[in-house]
Each structure stands twice: as structure tokens, then as C-alpha cells.
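Engineer: Sending over a structure as C-alpha cells; questions will come in a sec.
The values are calculated or read from the model by the stated rules, or taken from the named source; none is laboratory data. Just so you know, these numbers come straight off a predicted model, no measurement behind them. For neighbour counting, all protein chains shown are included, and Cβ atoms are generated from backbone atoms with ideal geometry for every residue, glycine included. Only protein heavy atoms, including side chains, enter the accessible area calculation; ligands, DNA and RNA are left aside. Shrake-Rupley method; radii C 1.70, N 1.55, O 1.52, S 1.80 Å.
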Amino acid sequence: MQILAVPNLPGHPHIAYCDASLQIEHVSATALAQEFGTPTYVYSRAAIEDAARQFLDAAAAGAAHASVDLRYAVKANSSLAILQILARLGWGFDIVSGGELLRVLAAGGDAAKVVFSGVGKTAADMRLALDSGIDCFNVESSNELMLLDTVAAQAGKTARVALRINPDVDAGTHPYISTGLRSNKFGIAQDQAVSLVGQIAQLRHLRLVGIASHIGSQITSTAPYLDALDRILDLIGDIERKGAHLEHIDLGGGLGIRYTDQTPPTPREWLEPQLARIAARGYGHRKVVIEPGRSVVGNAGVLLTRTLFVKTTPAKHFAIVDAAMNDLIRPALYAAEQEIVPAESRPGNALRYDIVGPVCESADFLGRDRALVLQEGDVLAVLSSGAYGMVMASNYNTRCRPAEVLVDGKDVTLIRPRETPDQLYASERLLA
Ligand SMILES: *Cc1c(COP(=O)(O)O)cnc(C)c1O
């Protein structure tokens with residue numbers, strides 16, 4: 001296969017070729033790899049801010065239907081500098097652990113704009129969240145309600161809670177990132193929700209303020225959201241007929257991004273029909289909460305990696321690169337496909353390569369069967385690596401996690417240095 005033209009990169013604003021050199025904003029990927037080494041995650045500040053503003057604009061456009069609170073899902077990318085960018089734009093945060101709450105506070109986030117999600121909160125994390133003054137706990141079971149009431153009593157506080165409902169809809173996404181099916185561990189079945197409302201009324205340290213749902217991730221159409229919403233709105237009717245009043249509806253996150261050829265709705269196309277449905281069914285006076293993660297940061301980041309060896313076996317061509325599944329696990333975990341492009345695009349005769357890392361697992365691949373013109377030493381960029389990349393990195397094979405760099409126009413900031421091997425075992429103890 002002849003590669004003649006420089007690739008164009010739809011869906012990746014602020015990441016593009018200038019002549020034949022890949023640039024993140026105004027900085028070349030080759031220069032970044034030279035300066036910071038590889039593997040390194042690089043994020044475009046403008047791309048994060050653009051995505052965040054699209055949600056802010058969508059919220060403003062929908063204000064006639066309902067007012068919207070934005071809560072960034074920290075687990076998608078929890079680097080302090082990124083949380084700081086979003087906090088400065090007025091965003092709140094959706095957390096799933098006490099550790100994430102501490103990150104939000106360290107980055108200057110406002111606890112009063114934090115919602116605490118997750119199916120397995122510990123008493124210690126609940127206490128930290130109560131003492132910090134978070135806005136709301138999204139509760140997923142009767143036993144969690146009881147524990148939260150006990151912890152709130154000890155803290156001398158009243159916990160604001162929303163019930164996370166499992167609306168039993170198929171979001172049409174990968175099974176590992178689908179969360180709204182009856183068979184998933186997440187949420188409360190609709191037919192159990194009304195009795196939990198009764199339970200909350202009996203618990204003196206809880207106050208029911210909302211209802212929440214989150215049906216999965218990398219969802220590329222609005223239909224499953226509207227299905228889930230209809231069920232949620234039915235349930236709100238049932239709950240309020242029992243005398244409770246709900247202040248807010250939390251629609252969750254999960255909006256997909258373009259990895260290869262997907263065409264997900266824009267934030268506005270995603271939000272508008274949901275707000276319209278809420279208003280049309282008479283619930284427009286309530287606040288709406290959204291919790292996007294991937295769609296804020298996913299296409300703002302690339303993972304730079306250098307080709308160590310080109311290896312041809314009787315079956316295949318392999319490009320063995322210095323990034324591995326411990327650095328970016330999405331291909332191994334979800335069979336996810338992400339574009340992989342050269343830092344310097346060269347015309348020539350392309351071969352089909354499996355792009356693999358040095359880790360001792362056959363699941364250790366970043367991409368398969370990719371047509372590239374490649375030499376040893378070449379730098380490659382794995383696109384769409386801003387979400388569920390660095391946050392899922394591990395030290396398997398005693399590999400140091402990558403550096404992280406933020407590009408802002410021509411400015412470059414090292415927002416997390418590469419780990420060093422001595423850091424990896426510094427706190428371990430030898431036997432006497
Ligand atoms: C993971 C998660 C999100 C964010 O999902 P994205 O697909 O990254 O938008 C939002 N809310 C909850 C409860 C989550 O678990």
C-alpha cells in the first residue's frame with residue numbers, strides 16, 4: 001500500500017499535521033518526544049477548553065428548558081492541572097473515591113459542586129466527603145443508605161442523597177462499559193426505588209434531593225438516553241405521588257467520542273433533546289446535572305511512543321514500541337481501537353504492523369494491522385488517549401508510568417514527571 005498524503009485527523013481539534021509534522025497546538029510531537037522522552041501523554045489545553053465550553057454552551061442553550069450543572073467525571077483523567085482547568089471554568093466534579101475528592105480539593109475545585117458516585121463507598125470515604133461538604137451522594141443500595149445515615153449521624157451532618165436508578169436500557173456499547181442493564185452491578189432497580197424512598201424518610205440523617213442514572217460509556221447515539229430518561233421521569237412521578245420532592249435529575253455521563261469512524265452527537269445534540277423531554281413532561285423546573293468525562297478530555301490527548309524494533313515473523317510485521325498495556329490498557333481491556341499516526345509522516349511503501357509493547361502478555365498491543373511507513377526510532381502518536389489512559393496506567397513489569405505534558409499554544413508544561421524506578425519500590429520493606 002502506498003502512503004502518499006499526510007493523514008488528516010477529523011475529530012481531533014488542535015492536533016494536526018503542519019507540513020508532514022504532527023503538532024499538538026503549536027508544538028511538534030517530535031520535539032516533545034525529544035524533550036520529555038517516551039512514552040509521554042500530551043494534552044492540548046485548547047482542546048479541553050473547547051470541549052468544556054461546548055458543554056457550557058449546550059447548558060446555556062437549554063436554559064429555557066432547565067438549568068444545568070456540569071460535573072466532570074474525574075476518573076476519566078484526574079491530573080491536577082486538568083482538574084484545575086475545569087474548576088476555573090466553573091465546573092463541579094463527579095467523584096468515585098475519597099482519593100478523587102482530595103485531588104479535586106488540591107486542584108482548587110469546590111466541594112459544594114461535588115457529587116459522589118460509585119457502588120462501593122467506604123465509611124471513611126463517606127466521612128471525608130461529609131466533612132468536606134460535598135453536594136450529593138448518588139446512592140446505589142439500601143445497605144449503602146443505612147451506612148451513610150450512620151456515618152452522617154457520627155459526623156453530626158445531614159447527607160444529601162440521590163438514588164441512582166438502573167433503568168435497564170441497552171446503551172449499545174462494549175459490555176465492560178455498559179452500566180444500565182438489569183444484569184449490571186450498578187444502580188437500584190426501578191421497582192425497588194419507591195421502597196427506598198420510604199427508607200430514606202425513616203433515616204434522620206439523610207435527605208433525598210435527586211435521582212440519577214448513568215447508563216454506560218462511549219455511547220454514540222441519544223436514543224438510549226431518552227429511553228432511560230422516560231423511565232426515570234415515570235419513576236419521579238411515582239416517588240412524588242408519595243409526597244417526596246426531588247430537586248434534581250442527574251443524567252450521568254457516557255457521551256462517546258470519535259476514535260476511528262464514530263459520529264457521536266455533539267454536547268448540544270446530546271443534551272438538547274433530553275432537556276426538551278424533561279420540559280415536555282412537566283419537570284422543567286428541576287435542576288439537571290450532567291457528568292461527562294471522556295467527551296471532555298478524550299480527544300485532547302495523545303500518547304507519544306517510540307519504535308524500539310521492527311520485527312518480522314513468518315506471520316506478521318510487528319512494531320515493538322516503548323509504550324505498553326500498562327501505559328494504555330484500553331486496547332487490551334476493551335478491544336478498543338485508537339488511531340496511531342507517525343510524528344513525521346513520510347510517503348512510501350506502507351506495511352501492515354501490529355503495534356505492540358514490551359510487556360510479557362499477548363494482550364499487550366496498542367493497535368493491530370495498521371498501515372504505516374515505519375523505521376526503528378520513529379515516534380508514533382496514539383490518538384484519543386486523553387481519557388481512561390494515564391488514570392488506568394499501572395506499574396506492571398516494574399515499568400514507570402509515563403510523563404504528562406500540557407501544551408497551551410506554544411507553551412509546554414510538564415504536569416507530571418515520569419516515574420523513576422526507585423520511586424516504585426521506595427516504600428517496600430525487606431525482611432529482617
Ligand atoms: C464513568 C462515569 C461517568 C463518566 O463517563 P464518561 O463515559 O467518561 O463520560 C459519569 N458518571 C458516572 C457515575 C460514572 O461512573
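Engineer: What shape does the range 130-266 have by the C-alpha gyration tensor, where a ≥ b ≥ c are the square roots of the eigenvalues, rounded means a/c under 1.5, and otherwise prolate means a/b greater than b/c and oblate the rest?
Structural biologist: Taking the square roots of the gyration eigenvalues as a ≥ b ≥ c, the range 130-266 is prolate.
Engineer: Hey, in the GNM for the chain with a 10 angstrom Cα cutoff, which one of Leu128, Leu275, Leu83 fluctuates hardest?
Structural biologist: Highest fluctuation among the options: Leu128.
Engineer: For the range 37-189, just the Cα atoms, rotate onto the principal axes and tell me the three extents in Å, largest first.
Structural biologist: Extents along the principal axes: 45, 45, 37 Å.
Engineer: Also, I was wondering about something else. Sort out for me the Cα centre separation of the range 238-283 from the range 413-432, rounded to whole Å.
Structural biologist: Cα centroid to Cα centroid, the span is 43 Å.
Engineer: Residue-wise, which Karplus ³J(HN,Hα) couplings in Hz belong to the range 65-73, taking 6.51 cos²θ - 1.76 cosθ + 1.60, θ = phi - 60°, and x for glycine or proline?
Structural biologist: Karplus-based 3J(HN,Hα) across the range 65-73 equals 7, 6, 8, 10, 9, 9, 10, 5, 7 Hz.
Engineer: I've got another one for you. Which ³J(HN,Hα) values in Hz, rounded to whole numbers, follow from the phi angles of the range 36-47 under the Karplus curve 6.51 cos²θ - 1.76 cosθ + 1.60, where θ = phi - 60° and Gly and Pro get x?
Structural biologist: Running phi through 6.51 cos²θ - 1.76 cosθ + 1.60 with θ = phi - 60° gives 9, x, 9, x, 9, 7, 10, 10, 9, 4, 4, 5 Hz.
Engineer: Leaving ligands and nucleic acids out of the surface, order Val68, Val296 by accessible area at 1.4 Å, largest first.
Structural biologist: Sorted descending by solvent-accessible area, the residues read Val68, Val296.
Engineer: In the chain, what % of DSSP beta bridges are antiparallel (nearest 5)?
Structural biologist: 50
Engineer: Carbon and sulfur: what percent of the range 46-294's accessible surface (1.4 Å probe)?
Structural biologist: Answer for the range 46-294: carbon and sulfur cover 48 percent of the accessible area.
Engineer: So, one more: Would you calculate a helix-derived [θ] at 222 nm for the chain, using -39,500 (n - 2.57) for each DSSP H run of n ≥ 4 and dividing by the full residue count, to the nearest 500?
Structural biologist: Roughly -9000 deg cm²/dmol at 222 nm, from the helical runs in the chain.
Engineer: Counting alpha carbon pairs within less than 8 Å and at least 6 residues apart, what relative contact order, in whole percent, applies to the chain?
Structural biologist: 21 percent.
Engineer: Here's a follow-up. Only Lys, Arg, Asp and Glu count, each charged at its Cβ (+1, +1, -1, -1), so figure out the dipole size of the range 23-126 about its Cα centre, rounded to 20 debye.
Structural biologist: 180
Engineer: Taking Cα atoms, how many degrees apart are the long axis of helix 123-132 and the longest axis of the chain, rounded to 10 and kept between 0 and 90?
Structural biologist: Between helix and principal axis, roughly 80 degrees.
Engineer: Please give the FRET efficiency for Lys311 paired with Leu226, using the beta carbon to beta carbon distance and R0 = 56 Å, rounded to the nearest 0.05.
Structural biologist: Computed FRET efficiency for Lys311 and Leu226 comes out at 0.70.
Engineer: Continuing with this model, one more query. Work from the charge dipole of the chain (Cβ charges, +1 for Lys and Arg, -1 for Asp and Glu, about the Cα centre) and give the residue of Ala20, Gln154, Leu235 farthest towards its positive end.
Structural biologist: Sorting the options by dipole projection puts first Gln154.
Engineer: Can you give the three extents of the C-alpha atoms in the chain along their principal axes, from longest to shortest, in whole Å?
Structural biologist: Over the chain, Cα extents along the principal axes are 70, 63, 42 Å.
Engineer: Suppose R0 equals 22 Å. What FRET efficiency, 1/(1 + (r/R0)^6) with r the Cβ-Cβ distance, do Glu376 and Ala350 give to the nearest 0.05?
Structural biologist: It comes out at approximately 0.90.
Engineer: Where both residues lie in the range 46-294, what percent of DSSP beta bridges are antiparallel, nearest 5?
Structural biologist: Rounded to the nearest five, the antiparallel share is 5 percent.
Engineer: Antiparallel DSSP bridges in the range 160-252: what percent, to the nearest 5?
Structural biologist: Counting only bridges with both partners in the range 160-252, antiparallel ones make up about 10 percent.
Engineer: Give me the 1.4 Å probe accessible area per residue for the range 249-408, excluding ligands and nucleic acids, in Å².
Structural biologist: Here the residues of the range 249-408 average 36 Å² of exposed surface.
Engineer: Across the range 378-391, in residue order, what do the Karplus-derived ³J(HN,Hα) couplings come to in whole Hz, using 6.51 cos²θ - 1.76 cosθ + 1.60 with θ = phi - 60° and x for Gly and Pro?
Structural biologist: Values per residue, Gly and Pro as x: 5, 8, 10, 10, 8, 6, 6, 9, x, 10, 6, x, 4, 4 Hz.
Engineer: Hey, which lysines would be in cross-link range of Lys75, C-alpha to C-alpha under 24 Å, not counting anything within fewer than 8 residues on its own chain?
Structural biologist: Partners found: Lys113, Lys121, Lys185, Lys287.
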